[in-house]
Amino acid sequence: MSEWLAMGGHAVFVWSSFGLAAATVLWNVWAARAWMQHARDEITEIWDEDDGA
(Lines give C-alpha, C1' and ligand atoms only; values in the text may rest on other atoms or scores of the structure.)
Protein backbone atom coordinates (compact mmCIF):
# COMPACT_ATOMS: atom_id res chain seq x y z
CA MET A 1 0.00 0.00 0.00
CA SER A 2 2.76 2.46 0.86
CA GLU A 3 4.40 1.68 -2.49
CA TRP A 4 1.18 2.67 -4.26
CA LEU A 5 0.87 5.85 -2.20
CA ALA A 6 4.47 6.78 -3.04
CA MET A 7 3.54 6.70 -6.76
CA GLY A 8 7.00 5.60 -7.84
CA GLY A 9 8.69 8.62 -6.23
CA HIS A 10 6.29 11.14 -7.75
CA ALA A 11 3.84 11.28 -4.85
CA VAL A 12 4.43 14.97 -4.13
CA PHE A 13 3.40 15.95 -7.65
CA VAL A 14 0.54 13.48 -7.95
CA TRP A 15 -1.10 14.14 -4.58
CA SER A 16 -0.62 17.90 -4.78
CA SER A 17 -2.34 17.82 -8.19
CA PHE A 18 -5.26 15.87 -6.73
CA GLY A 19 -5.44 18.30 -3.83
CA LEU A 20 -5.42 21.33 -6.10
CA ALA A 21 -8.11 19.81 -8.32
CA ALA A 22 -10.30 19.03 -5.30
CA ALA A 23 -9.81 22.53 -3.91
CA THR A 24 -10.76 24.03 -7.29
CA VAL A 25 -13.94 21.96 -7.49
CA LEU A 26 -14.92 22.89 -3.94
CA TRP A 27 -14.24 26.57 -4.59
CA ASN A 28 -16.40 26.45 -7.74
CA VAL A 29 -19.28 24.88 -5.81
CA TRP A 30 -18.98 27.46 -3.04
CA ALA A 31 -18.74 30.38 -5.49
CA ALA A 32 -21.78 29.21 -7.46
CA ARG A 33 -23.85 28.87 -4.29
CA ALA A 34 -22.73 32.27 -3.03
CA TRP A 35 -23.59 33.88 -6.37
CA MET A 36 -27.01 32.20 -6.41
CA GLN A 37 -27.77 33.39 -2.87
CA HIS A 38 -26.72 36.92 -3.79
CA ALA A 39 -29.02 36.84 -6.84
CA ARG A 40 -31.91 35.58 -4.71
CA ASP A 41 -31.32 38.34 -2.17
CA GLU A 42 -31.35 40.97 -4.90
CA ILE A 43 -34.58 39.62 -6.39
CA THR A 44 -36.22 39.52 -2.97
CA GLU A 45 -35.14 43.10 -2.33
CA ILE A 46 -36.58 44.24 -5.67
CA TRP A 47 -39.86 42.44 -5.02
CA ASP A 48 -40.10 43.97 -1.55
CA GLU A 49 -39.60 47.45 -3.01
CA ASP A 50 -42.34 46.84 -5.58
CA ASP A 51 -44.80 45.70 -2.88
CA GLY A 52 -44.39 48.98 -1.01
CA ALA A 53 -45.03 51.19 -4.04
Take D41, D51 and sort them by solvent-accessible surface of the protein heavy atoms, 1.4 Å probe, largest at the top. D51, D41
What's the whole-number percent of alpha carbon pairs in the chain lying beyond 13 angstrom? 71
Any idea what angle helix 11-52 forms with the longest principal axis of the chain, computed on alpha-carbon atoms, 0 to 90 degrees, nearest 10? 0
In whole percent, the fraction of accessible protein surface over the chain that belongs to carbon or sulfur atoms, probe radius 1.4 Å, stands at 68
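The values are calculated or read from the model by the stated rules, or taken from the named source; none is laboratory data. Just so we're clear, the structure is a prediction, and the values are computed from it rather than from any experiment. With ligands, DNA and RNA removed, areas are computed over all heavy atoms of the protein, side chains included. Shrake-Rupley method; radii C 1.70, N 1.55, O 1.52, S 1.80 Å.
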